[in-house]
Structure formats: structure tokens, C-alpha cells
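The values are calculated or read from the model by the stated rules, or taken from the named source; none is laboratory data. The shown structure was predicted, so the numbers you read here are calculated from the model rather than taken from an experiment. All Cβ positions, even for glycine, are placed from backbone atoms using ideal geometry, and neighbour counts span all protein chains on display. Heads up: the accessible areas ignore ligands, DNA and RNA and are worked out on the full protein's heavy atoms, side chains in. Shrake-Rupley method; radii C 1.70, N 1.55, O 1.52, S 1.80 Å.
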Amino acid sequence: MTRGMTFRLLVGLLVTAAALALAGRRLHVLYRLGRLAQPVAPGRTTGAAAVLRAEVVEVLGQRRLLRWTLPGLAHLLTFWGFLLLGLTIVEGYGALFVRDFALPVVGRQAWLGALEDTVALLTLASVVVFAAIRLRHAPAREGRRSRFFGSHLDGAWLILFMITNVVWTLLLYRGAQVNTGYFPFRSGAYASEAVARLLEPLGERGNTVVEHVGVVLAVTVVMVFLVLVVHSKHLHIGAAVANVALARRPRALGALQPVRSGGREVDFEDPGEDDLMGVGKVEDLTWKGLLDLASCTECGRCQSQCPAWNTGKPLSPKLFVMGLRDHALAKAPYLLAADDAARAALPDAARAEGERPLVGTAQENGVIDPDVLWSCTTCGACVEQCPVDIEHVDHVVDLRRHQMLMESAFPEEAGIMLRNLEHAGDPWGRGGGHRLEWAEPLPFEVRVLGDDGADRLPDDVEYLFWVGCAGALDDAAQRTTRAVATLLHEAGVSFMTLGGAETCTGDAARRAGNEFLFRMLAQANVETLDAVGARRIVVTCAHCFNALANEYPQVGGHYEVVHHTQLLADLVASGRLTPVTPVETTLTYHDACYLGRHNRIFAPPRELLGAVPGVRLAEPPRTRERSFCCGAGGARMWMDETIGTRIGHERARELLELSPDVVTAACPFCILMLGDGVAAHLGPEPARPVEVTDVAEILLRSVLPARAAEPAPEPAEPAEPAGGTTP
Amino acid sequence: MSDPAPQVLVLVETVPADPATGRPATVRRPSLEQLTVARRLGTPAALVCGPADDDVVAVLGRHGAATVYVVDAPEVGGYLVGPKVDAVTAVVARGDVGCVLVTSNAEGKEVGGRVAVRLGSGIVTDAVDVQAGDGGPVVTQAVVAGQWLATSQVVRGVPVIAVRPNAAPVEPAPVQAVVEKVDVTFAPASLGARVVTRTPRAATGRPELTAAPVVVAGGRGVGSAEGFAVVEALADALGGAVGASRAATDESWYGHQFQIGQTGKTVAPALYVAAGISGAIQHRAGMQSARTVVAVNKDAKAPIFALADLGVVGDLHTLLPQVVAEIARRRA
Amino acid sequence: MHVVVLVKHVPEPTATWSFADDLTLDRAAVEGRLSELDEYAVEQAVRLVESGLDARVTYLTLGPAKAVEGLRKALSMGGDDGVHVVDPAVHGSDALATSLVLAKALQHIGFDLVLAGMASTDAEMSVVPAMLAERLGVPQVTFGGDLAVDAAAGTVTVHRDGDDATEEVVAALPAVVSLTDRTGQPRYPSFKAIMAGKKKPVQTLTLADLGVAPEQVGAAAAGVVVRSVSVRPPKQAGQVVVDDGTAAAVVADFLVARGFA
Ligand SMILES: Cc1cc2nc3c(=O)[nH]c(=O)nc-3n(C[C@H](O)[C@H](O)[C@H](O)COP(=O)(O)OP(=O)(O)OC[C@H]3O[C@@H](n4cnc5c(N)ncnc54)[C@H](O)[C@@H]3O)c2cc1C
Ligand code: SF4
Ligand code: SF4
């Protein structure tokens, strides 16, 4: 063996051993941390077929990333580049032992050499693209608007630098190999040959030195890269693959998960002594939760869509995830210390990290500020966008659960709503006695369970009409309820309501973290629904829909639930309703988060609007999957929105830019928030009024124009002139 | 009441004279209403705890109190209800009283309750109507948050009835009032709760919103920050606090801390005046427990009228100042 | 120091209520809750302890078996134990009899400070605390807007908002104090606290335990008999007038008639 080869082998192996030791130690720490965390729900790790498909589509095809075309493409190239560059690493290691090492079978074929060189050059190109994007969208320039705001930027630049190093060291030793005659490819590797021409003047000896040093450098760079990756956010390179495989399918939206402790569902009637109620410490996350944190690439796609972040609130889903991850890693020594003595011996900083409250203000040294935690509307835009399937909403709610169930710490106004739910069964504290007032102005009788003395739904009833709290009690929503009832009546669909026997589904309570109250309400409702024999249910509220359809199965209630837009679209399609009268109007449609993103009901409301002659539908820029929240979800409707601007106003602004006559939606919460926002933008006496209403109302205008011009409720007694009364 | 005694004793609430404005001492309206009730049941008599100046005696006489018992001792003002209980029982002990009427408010019910225990009498509170009947007064009560009406009769001892304001009209029935001073020995237990200081309310400005007995609230109809002056003026005339709808606080016409409703404060005053407020459920959630609601709104179809006890379809900017003037005129 | 808070389990105010054949409220037919107004007294008791008063807090209730739910709710907010006086003979009792039983119960369990809400939301008889004080022969301060206890001096100090003045009142302990709903928002207990509340001891007492004869209570002993009960006509949407220049007088008349001006 030549001196050169000995040098290569010795240094190369030494560097490798050291790097593997460092990386291994780190991985071991991460592994032990994962072992400390909570187990996942049973069944979470099964379902290999779906997993495989997901892997192929998402990781290899980088499906979600492709939505941001240019950077997506760059990322795709980098990713495939890495796979191919992996081959060159094998070649590099081979060259430590055998000077003209070539891969078996294809190792000397020209096309491989060409491909490897192309990939190397493309990798360099994408580094340039990345750098340009980062410079252009630098937080320093764009501030909060930048999706990289708050990302660990130094780390990202370091990685770009290392990738460059990988490429140039590779080309360097390959060029030298060409000159010294040990290059496995006789032709094809054009870039390496170009480098060779540059190196030619160094002569035989010079090139030999460059080759030896180059190989060692290439191996070293790769090893340093490995160590850096396992110590940085680029852990996501490995973690994301596992994370996507283990993600909730089809997506982590719709139903929230039950409260689990030790992997088992908590029994709220008789909870175990040490049962965890949500996440109060970072180690209360499941290991899948920790894997979520490790998988975050800090790309900021979630942040760029987040309604809270976009209206000046401190919550960014990315910063939320990063905050938890940085804390988890910093707390690791504390958590992994063998005993109290070892813990006491830790450096001050590590001990302080161990004692930080998970949720707390800056003053309390909290990891997540309460304002961050309570700003989330659970709209799911982040989950929708995340390329590595992080389950933000579930984590936010899990943190809220601990605050609510264990600490009783939550925004004061939410308490009023919770009390009202407990005592009156609706968030406004009106009580069951008021739940039928919506039907009073109708010219036909609305059937109410129990009116005819029966305590079960009669056989002729096709649908139980679940009115919902807003639908029964809010003025604007009552109009929708009446419109839907009138249309069903017109179509000859027989339906019945529960009247005062209905109570809130518990959506807001659950999203505020009050699983206990949610269970109480849900169980009561399931008991009622089962007792009356309900099978098919139609709802007008997206939140009721989500609860009844997706969450009630968790408490044993299984029903066929349809949203009114679905049912009405069917009735129109089957000819039971015929929209004939043109409604000459330009309108826009706002996708409710809990109808669209959470439940994929995009088409029916649009079909309805499309069926109405005269209607011109203008889609807003952010629509369907990327619809922008109205601000009401996640129990935010019952909390004061004092930080930044109002989410509902921001959305109303966007919709008004389309100059519509009517803003439509298909959820009472959205209509309320957008109504509020539109009123705020237009001022008290607008030159051109804009109406905010449900799509059902538009359909009604076409089907039954006379009925739609519903008079506002008269005051109970006809007004009389003051002079004419005796006080 | 096998042997009905002739006198129906009304425990009178007085308003002391105000030297600043020169307003003479007077009798609170509910006490005068109770004299009307007393006339239905027997011979009205009045009990004044504290100084009974001529003005007060004259008013009582004009409304039918033939006898005015006066217990004027420093203890009456210096301690909580105990001394008044002693005073009532002392008068009843004279043997002429067949029924005791008190106002169904905090203090009246307290005195009534203790008197009932001492006399071993039945007591009825929250009376909205009292009529004479076989076997004693027949009392109509609003029970369970006013959703039900119950009629009942006291069957033991000298009936004690706490009468709600407005249960009867004030009717003049002039008689010559005879003042009888009564000396009372106060039981030591009656002197257990001593009033250490008494700060007149005026000095504290407007009451705190959630604690105020009266709230006058303005909405988008008020139109501007300056517009709230008329709302404030009415609040001050009624000794109330000022509130606002979110529409008004969003416009920064009035402080955010005064917002009433779903995402603001919850209030349950005895009187709520809604001026230029439409009455959205988000607003109602914060004021639906108000006992009496007065609404002023331009739009006869505004939902707020559905829950108003008195609604005025009109412009608040003209109406509110007129109401303030009208109240001042009546007080003068 | 022993603080006893009187709590009452009442029918849910927003529910639809009904009356049984004997003209008593049909408590079995509607959901019940700890009276909202009593929650304020519970809150103040808990805050006293939290602010350093060395005291045991006991909740006392009188009512049917279901009333224990009211005790549990109070215990979930804080405090140490509950006492439930339950006896079929109590059914139909009026305030006189109720106060008698509660007075006996208080003597039985001992007390330094008795706290109560300003009224109960079912039968709006805010007379029970006053009657109790009378029966126990101790000072009473009602409608307190706040509460301070000086254990060393053995006194309780309370501010009350009267019609035209704010008074500061001092009473020697033992005493009965009733508190208004202006004293501070009652806490919303966490689930943890609800579970802890379920484990706190609750003692059940009967009239015999208290030395009260059945004849002294119940409908037969009542000082008041109910002759009839009827649903009040639904609160009428009031009178609506159109301002033709004279509405101000109508409003002023209305305010005067209702005692507001
Ligand atoms: C999530 C959410 C939370 C909310 N929380 C609250 C809350 O806590 N509190 C709250 O109040 N609202 C809240 N709202 C807003 C609520 O929905 C209503 O928009 C708001 O209460 C309307 O206020 P307003 O009645 O003053 O205004 P409007 O509804 O605009 O009504 C103004 C009224 O004034 C009348 N008027 C106009 N000029 C005059 C005049 N010169 N004289 C007499 N009358 C006149 C008009 O006829 C009209 O009826 C919330 C809304 C949302 C979406
Ligand atoms: S769910 Fe919506 S509001 Fe919450 S963090 Fe995600 S994007 Fe933001
Ligand atoms: S959470 Fe997902 S979308 Fe958000 S920054 Fe991390 S990887 Fe990107």
C-alpha cells in the first residue's frame, strides 16, 4: 500500500469513526427521549399499505412541496440529488480502500458518470435557488410576512454551505482521479472531466496529492454533514420519512382525538389516579408527537397560511412546533438524568430548562405563551400545508386540555361560555325554552319531537333536522334555519326537530380543551338521538356537522350526517327542487374550515350556487383547501380578539375586494363573523350594501322568491304613538 | 289571625333631607304603596326608625297612616337591621298590630325574616299583590325567577309580608297622623353588627359596571364618541353605569372595558336602558338577566324590542336629553 | 377557625320548571345545580383560606338526596368537607322551618363564621340567613360586597353598597354574613379539582341527629300555605311606543313607577 493510500484509509476511517460515535450518541439520546414520551394510540402504527402509498407520493414525489412550484422543484431536485449523491458516497468510501473503486455492474458505464455529474451540478444550482429565495424572503426584509420568520436561519445557511462543500470536494477528487487515471468512468462524467482539465497543470504528483486529499475531504465533509444533521433541524431528513408513515390518515383534521394517557383513553367517569389530562409537560407528548417536532423543516408553509399569524397574533404554528422542539431537546439532559443527584449536578441552564412551565408568559419563563396557545382557531390550514404531516391542531388542543382540565387556566370570557353550556345547554345561556323561536314566523308547522305524544321519530321522518345553538338562537342563523326548513318542506322531505331537547354538540368546549364537558354534552345528545331512533341527520352548522359525523362515534353515536348543502344539492340534482327564478347577483363563497378543509365538502355549495340562474360566482384568492378562516373556530368565537386585527375582518376585506353583492357561506359561525367584518368595512351607511348570507338563502330566492323576502320579525305589539297610551 | 288586630304596620323607608339642594325629607315610594295595601287589610300605621321630621309625618298622613310610630335612637342608624327588628317587635308587642308590611328589598326582607322568627310568624316575600281574604291577607308572589305566580296565606302568628315595589298604586287618603314615640330597649345581640363608616355614594362617581343597579348602554346608533354624552347624562340621572355594545367599543366611541355581551362584561342590573342597540344575541348574552329593560331605537323592527319592558321607536339623541330633563323636573 | 358556607341545590334557572300536586316545586323533574348566588359565598370562603386564613371550610345543605350534587360542586371549588341534612319530613318546609333545621345543624357542627349567598335563585327568600342569625343569637351582616376576617381580633369586616351610601360594617365572631354577586367571579373548577371534590368527606344528618321533631318542620308546620300556583303569563314583550314628542314623559313615568327615578 502506498503512503498515499495509507493516509487515505487511516484518516478516512478515523474521521468516520469519530463522526459515527458523535452521531450515534446523539441518536441514542433522541431514542431515550422518545422512550420517555407517551405511547401512541393503539393501531396508530398499523396500516402499512396506506403508509407505503403515502411514502411514495409524499416523500418521493414530494407532493405537497410541489405546490410552491419553484422552491418545490428545487427541493425535489435536492432530495433526489441526495439519493444519487448517496451513490457517490459509496464510491468515495470504496476509494478509501481501492484506488479505482467502481460500483458493481453499472459502476463503469458512461451514463452513470454523466448522471452523477448532472446531479452534482443541479444540486449546486438548487443551492443557488435556495439562497436566492432565502435572501429575497429574508425575515429581515419581509418581517412577519416571511415564512422564514423565526426559523433557525444560521443553521439553514450552514447546511447550504455544507451541501456546496459536498459537491465541490466530490468534483475535486473525481477531477484528480481523471488525471491520475483511477477514474472509474472512461467517458460521460463531463463535469469531472472539466475539473480535470483545470487541474492538469498540477502534473502527476500534484494530482495524486489532490486526489488523496480530495477523497479524504469528501468523506470528512459527508461525516461532518451527518453530525450536523442529527444535531439540527435537518434531522427532518430522516424523521420526516417516519413521520409521514405514521401520520393520521387521510389527514390530521376533522375529529379531535380522545384524551389518552399511557395510550389508553381516559375514562372521565372514573379516571386513574395518575392519568394525564392533555399535555402539561413536553414529555407528556407521545413519541409520535416528539417525532412531529423532529420532523419540522422550518419551512414556514404553515405560518404563511395561519390566520392568527397573518393578523398580527403571536401564534405561528411553525414557531409553536419549533418552540416545543427546542425545549424538548434542551430539556433532554434533565429528563434523562439518572436520578435527582444527577439532575442537581447538571449545569444551571439545563436545570432551568427542566423547570420551565410548558405554558406560561415570558415573565414566567414559559415555553408557549398563553396568548399563543389561545390564539389558534383550529382552522387546520397548518396541517393542510405541512409537507411532513405534523399534527398541529391535535397538539394545540392537547396543551389546552391540560390548561383547562388541570390548571383551570383559560381566557376569562371562555368561562362564561362553558358555564352557559353546563347550565343552559347553549353558549349564550338562553336555555332549551328558546330553541323553537326560530320556527315561529314560518307559514307551515315544523314538526317537533314529542308534539304528537310519541317519543320516537315516526317512520315517515326522513331526516332529523339538527338545528344547532346558533341556528336556533342567533338572528342571522335563524334565517338560514328557516330557509333550509322551507326548502325541505317545499321538496317534500319530511323532517323533525328535537326542539328543546337538543343541546350544544360541545364542539367549542372540546376545542377549548374541556373534554370533560364535551363528553357530558355528547353523551347526553347521543342518548337523546339513540332514544328517538335517529339515523339520518341534517345540520346547517359546520361545527355541529364535524362533531356529529366525526366525533360522536367516539362516544358511541353512529349516524349518517349530511350537511344542508349536500342534501339541498341532491334535491336539486334529483329535481325535487327547481331553481327557476334568476337571481341576478355577483356573489362569492367562503369555505368554512370545518366544512372544507376538515371535511372536504367543497363541491355541494358550489353546485347549489351554480344551479341558480343568474348567479355569478367570484372565487376569492384563498379558497377551498387554502380558504382563510373567519376566526370563530376553536372556541375563539367566545373569546375577545384583542391582539392584532380581527381575523374575520381580514377575511371580509379579501372577499369585498371581489366587489360582490352578496357574500355567502354555509356555516352560521362564518356568517356571523363575516357579517361583522363586512359591516366594519362598509361603515354604517354604505353606498353599496353587501349582504352576508347562507347559500340556502340564495337557493330559496330562486325556488320560492315570494317566501324568501321574509319580513323581519315584527315587534310583539304594534307600536303606538306615545301620546295615545296611558302610562 | 283569629282575632284580627286593627293595625297594619308599614315599616317606612325615608330619604333624609338634602341640605345642599334644600330638598325636604321624604318617604320612599314603595312605603307609600304599602300604605295603600295596608288600607285594604285594616288600619294603616307607620313605623319610622330614625328622625321623623314634620315633612315625613305629613306625607304619611296624606297617604292614610293614622298612627306614626317613631323610634328615634342613635342605634337605629349605627347598626345593621338588629335595632329595627327590636323596634318592630316592640310596636307589635303593644298588641294592636295584625299584620306587618316591609319592602321586599334587601333590608326589608332581613328585618321581616328576623321579626318572623321572634314572633313565630309566617312570612311571605316578593309579594306582587296583596288582597284581604278569609283567614287573612292573600298574597300573590312571583316565584322561581318570576316564571310562576303563587298565592299563599300566612297561617301562623302575625303575618309578615315583604311587598315588591309596584305591587300597588300610591293613593292619597288623607288622615290626621298621630305621632307616637316608642322607647325601645335594644337587645345586645341586635347591636352585633356596627356600621363603622358611611360614605355617600355621590363621592364615588358612577358605579362599577358589573355592580351597578342601573346600566344605560349605547350602541352604534349613538353615532360618535361625543354622542355618548347623552347616554352618560341619563346614566348619571339614574345613578347608573354606562355600558356599550361591541359596535360602539370597536369604533372606540367608548372604552373596551365597558363592552357588554358575549366577549365583554355580563351585567344583571335592575334596570337596563339600551339606546341605539339592535339587540344581537351576542349582546343579549351579556344583559339578558336584567330585570327591567327599556329600549330606544329608530327601527321598530329591532330585535331588542322583543325583550324590552318599554320600547320607544325614536331618535335617542332627542329622546334621552328629554328624559333627563323630565326626571329632573319631577324631582324638583 | 371553622367557616361554614350554606349552599343550596336549586333547579336550573333556564330549565322549564313545574309544580307537583302538593304545590311544591317538582325538583325531581328538572336539572339542578348549586345556586349561582351561593357560588359567590363558596368563592369567598375559598379565597379566605387561600389568602392565609387558618380555617376549615365546611358546606352545609338541606335538601333531598340530589342536593349532595350541590355540595360536590362546592367542594370542587375548594374547602374541606360537606354536611347534608336530609330527611323526608323536611319536604314542604317554609323559611321558618328551614332556618330552624339549619340553626340546629350549625350548632351541631360548630361554627365561627357562617357565609351565605344573597338569595337562592329558586324561591327568592333571602330571609334564611337573617332568620338563622336571629335563632343563633349572633350578629349578622347581609349583602356584603366584600369580606375580611381578622382572626386575632375575632371580627369580620364587610363593605355593603346601600342605595345612597357605602357602609363599612364590623361584627364580632361568630357571625352570619351573606354576600352579593358583586364579590368576585366564582372560579371554574378544573377537572382535577372536580375529582378531588368527589373524594372529600360528606356527612349525612337526619332530623333525629339534630334533635328536631318531624312536627316542627314540613308542610304541616309551615307558617305559610300555598293556595294555588299558576304559570305567569310569559313576560310580555312590553309596550312599544313611537316617539311623537311625548315619549320622554312616558319613559319618565315608567321609570318613576318602577322606582328608578
Ligand atoms: C364573535 C363575536 C362576538 C361578539 N361579541 C359581542 C359582545 O360581547 N357585545 C356586543 O354588544 N356585541 C358583540 N358582537 C357584535 C354583535 O353581533 C352585534 O354586531 C353588535 O352587538 C351590534 O351592536 P349595535 O346593536 O350597537 O349595532 P347595530 O346592530 O348596528 O345596531 C344599531 C341600532 O341603532 C339604531 N339606531 C341608529 N341610529 C339611531 C338613533 N339615532 N336613535 C336610535 N336608534 C338608532 C339602529 O336602528 C340599529 O338597530 C359580537 C360579534 C361577534 C362576531
Ligand atoms: S389551526 Fe389555523 S390558527 Fe391554528 S395554528 Fe394552524 S393555521 Fe394557525
Ligand atoms: S410545521 Fe410543517 S409546515 Fe410548518 S414549518 Fe414545520 S414542516 Fe413546515
Name the residue, out of C:Val229, C:Val202, that is at pLDDT below 90 and not hydroxyl-bearing (Ser, Thr, Tyr).
-> C:Val229
In segment A:235-260, residue modelled with the lowest pLDDT [restricted to those that are open to solvent by 20 Å² or more (accessible area, probe 1.4 Å) and assigned to a loop (DSSP other than H, G, I, E, B)] | A:Arg249
Could you tell me whether segment B:25-38 includes any residue that is open to solvent by 20 Å² or more (accessible area, probe 1.4 Å) and away from chain C (no Cβ under 14 Å)?
-> no
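Looking only at residues that are touching a residue at least 60 places away in the same chain (Cβ under 8 Å) and touching a Pro at 6+ places or on another chain (Cβ under 8 Å) in segment A:412-430, which one is farthest from A:Cys469 (Cα to Cα)?
If we filter segment A:412-430 for residues that are touching a residue at least 60 places away in the same chain (Cβ under 8 Å), which is where we start, we get A:413-414, A:416-418, A:421-422, A:425-427.
Next, from what is left, pick out any that are touching a Pro at 6+ places or on another chain (Cβ under 8 Å): A:417, A:421.
Working: A:Met417: 12, A:Leu421: 10 Å.
Across segment A:412-430, the extreme among qualifying residues is A:Met417.
Sort out which residues of segment A:636-651 are within 11 Å of ligand 1 (Cβ to nearest atom) and touching a residue at least 12 places away in the same chain (Cβ under 8 Å), and write them in order of number. Let's see the steps before the verdict.
Taking segment A:636-651 first, the residues within 11 Å of ligand 1 (Cβ to nearest atom) are A:636-641, A:646-649.
Result: A:Arg636, A:Met637, A:Trp638, A:Met639, A:Asp640, A:Arg646, A:Ile647, A:Gly648, A:His649.
Name every residue in segment B:164-178 that is within 12 Å of another protein chain (Cβ to nearest Cβ), in contact with a helix residue (DSSP H, G or I) (Cβ under 7 Å, 6 or more places away or on another chain) and surrounded by 19 or more Cβ atoms within 10 Å (Cβ to Cβ), in order of residue number.
Initially, segment B:164-178 is screened for residues within 12 Å of another protein chain (Cβ to nearest Cβ), giving B:164-170.
Keeping just the survivors that are in contact with a helix residue (DSSP H, G or I) (Cβ under 7 Å, 6 or more places away or on another chain) gives B:165-170.
B:Pro165, B:Ala167, B:Ala168 - these are the residues of segment B:164-178 that are within 12 Å of another protein chain (Cβ to nearest Cβ), in contact with a helix residue (DSSP H, G or I) (Cβ under 7 Å, 6 or more places away or on another chain) and surrounded by 19 or more Cβ atoms within 10 Å (Cβ to Cβ).
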Taking B:Ala280 and the conditions (1) among the hydrophobic types (A, V, I, L, M, F, W, C); (2) open to solvent by 20 Å² or more (accessible area, probe 1.4 Å); (3) out of contact with any Phe, Trp or Tyr (no Cβ under 8 Å at 6 or more places or on another chain); (4) more than 8 Å from ligand 1 (Cβ to nearest atom), which numbered condition does it fall short on, given that it satisfies the others?
-> (4)
Of the residues that make up segment A:407-414, is at least one part of a helix (DSSP H, G or I), over 29 Å from A:Ala239 (Cα atoms), of a type in the set (Gly, Ala, Ser) and open to solvent by less than 10 Å² (accessible area, probe 1.4 Å)?
-> yes
Could you list, in sequence order, the residues of segment A:307-345 that are part of a loop (DSSP other than H, G, I, E, B), more than 9 Å from ligand 3 (Cβ to nearest atom) and modelled with pLDDT of 90 or more?
-> A:Thr311, A:Gly312, A:Lys313, A:Pro314, A:Leu315
Condition check for A:Val29: assigned to a helix (DSSP H, G or I) and under 28 Å from A:Thr208 (Cα atoms) = no
Within segment B:237-266, residues within 11 Å of another protein chain (Cβ to nearest Cβ) and hydrophobic (A, V, I, L, M, F, W, C) come out as B:Ala237, B:Leu238, B:Ala247
What are the residues in segment B:267-317 that are under 18 Å from C:Asp244 (Cβ atoms), within 9 Å of chain C (Cβ to nearest Cβ) and either within 16 Å of ligand 3 (Cβ to nearest atom) or in a strand (DSSP E or B) (or both), if any?
-> B:Val294, B:Ala295, B:Val296, B:Leu310, B:Gly311, B:Val312, B:Val313
Could you tell me whether segment C:156-176 includes any residue that is closer than 26 Å to C:Leu53 by Cβ and part of a loop (DSSP other than H, G, I, E, B)?
-> yes
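Quick check: anything in segment A:670-692 among the acidic types (Asp, Glu) and either touching a His at 6+ places or on another chain (Cβ under 6 Å) or within 16 Å of ligand 2 (Cβ to nearest atom) (or both)?
Filtering segment A:670-692 down to residues among the acidic types (Asp, Glu) leaves A:676, A:685, A:691.
Still in the running and either touching a His at 6+ places or on another chain (Cβ under 6 Å) or within 16 Å of ligand 2 (Cβ to nearest atom) (or both): none.
Scanning segment A:670-692, I find no residue that is among the acidic types (Asp, Glu) and either touching a His at 6+ places or on another chain (Cβ under 6 Å) or within 16 Å of ligand 2 (Cβ to nearest atom) (or both), so the answer is no.
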Checked segment A:209-234 for anything assigned to a helix (DSSP H, G or I) and at pLDDT below 85; matches are A:Lys233, A:His234
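Please verify whether A:Gly155 is modelled with pLDDT under 90, in the same structural domain as A:Ala17 (by TED's automatic domain parsing) and either in contact with a helix residue (DSSP H, G or I) (Cβ under 7 Å, 6 or more places away or on another chain) or not in a loop (DSSP other than H, G, I, E, B) (or both), treating the condition exactly as stated.
On the way: modelled with pLDDT under 90: yes; in the same structural domain as A:Ala17 (by TED's automatic domain parsing): yes; either in contact with a helix residue (DSSP H, G or I) (Cβ under 7 Å, 6 or more places away or on another chain) or not in a loop (DSSP other than H, G, I, E, B) (or both): yes.
Yes: the conditions hold for A:Gly155.
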Entirely in segment B:59-158, the strands (runs of 3 or more DSSP E) that have 2 or more residues that are open to solvent by 10 Å² or more (accessible area, probe 1.4 Å) and not hydroxyl-bearing (Ser, Thr, Tyr) = B:123-131, B:138-143, B:148-154
Residue count, segment A:311-348, condition under 14 Å from A:Gly150 (Cβ atoms) and either within 16 Å of ligand 2 (Cβ to nearest atom) or in the same structural domain as A:Ser146 (by TED's automatic domain parsing) (or both), comes to 13
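Condition check ((1) touching a strand residue (DSSP E or B) at 6+ places or on another chain (Cβ under 6 Å); (2) assigned to a helix (DSSP H, G or I); (3) among the basic types (Lys, Arg)) across all residues:
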| site | (1), (2), (3) |
| --- | --- |
| C:Gly82 | yes, no, no |
| C:Ala119 | no, no, no |
| C:Met131 | no, yes, no |
| C:Arg135 | no, yes, yes |
| C:Ala152 | no, no, no |
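A:Trp438 - would you say it is within 16 Å of ligand 1 (Cβ to nearest atom), buried (at least 23 other Cβ atoms within 10 Å of the Cβ) and either in the same structural domain as A:Pro307 (by TED's automatic domain parsing) or touching a residue at least 40 places away in the same chain (Cβ under 8 Å) (or both)? Show your work before the answer.
Numbers: within 16 Å of ligand 1 (Cβ to nearest atom): no; buried (at least 23 other Cβ atoms within 10 Å of the Cβ): yes; either in the same structural domain as A:Pro307 (by TED's automatic domain parsing) or touching a residue at least 40 places away in the same chain (Cβ under 8 Å) (or both): yes.
No: the conditions fail for A:Trp438.
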Yes or no: A:Leu290 in contact (Cβ under 8 Å) with a residue 12 or more places away in the chain and either within 15 Å of ligand 2 (Cβ to nearest atom) or not in a helix (DSSP H, G or I) (or both)?
-> no
Over segment A:376-406, the set of residues part of a helix (DSSP H, G or I) and within 16 Å of ligand 1 (Cβ to nearest atom) is none
For segment A:278-305, name all the residues that are open to solvent by 10 Å² or more (accessible area, probe 1.4 Å) and either within 16 Å of ligand 1 (Cβ to nearest atom) or of a type in the set (A, V, I, L, M, F, W, C) (or both).
-> A:Trp287, A:Leu290, A:Leu291, A:Ala294, A:Cys296, A:Cys299, A:Cys302
Only residues in segment A:372-396 that are within 14 Å of another protein chain (Cβ to nearest Cβ) and under 12 Å from A:Arg248 (Cβ atoms) count as the first member; pair them with residues that are away from ligand 3 (no atom under 12 Å from the Cβ) and at pLDDT below 95, Cβ under 8 angstrom, at least 6 apart or cross-chain, and list the lot.
-> none
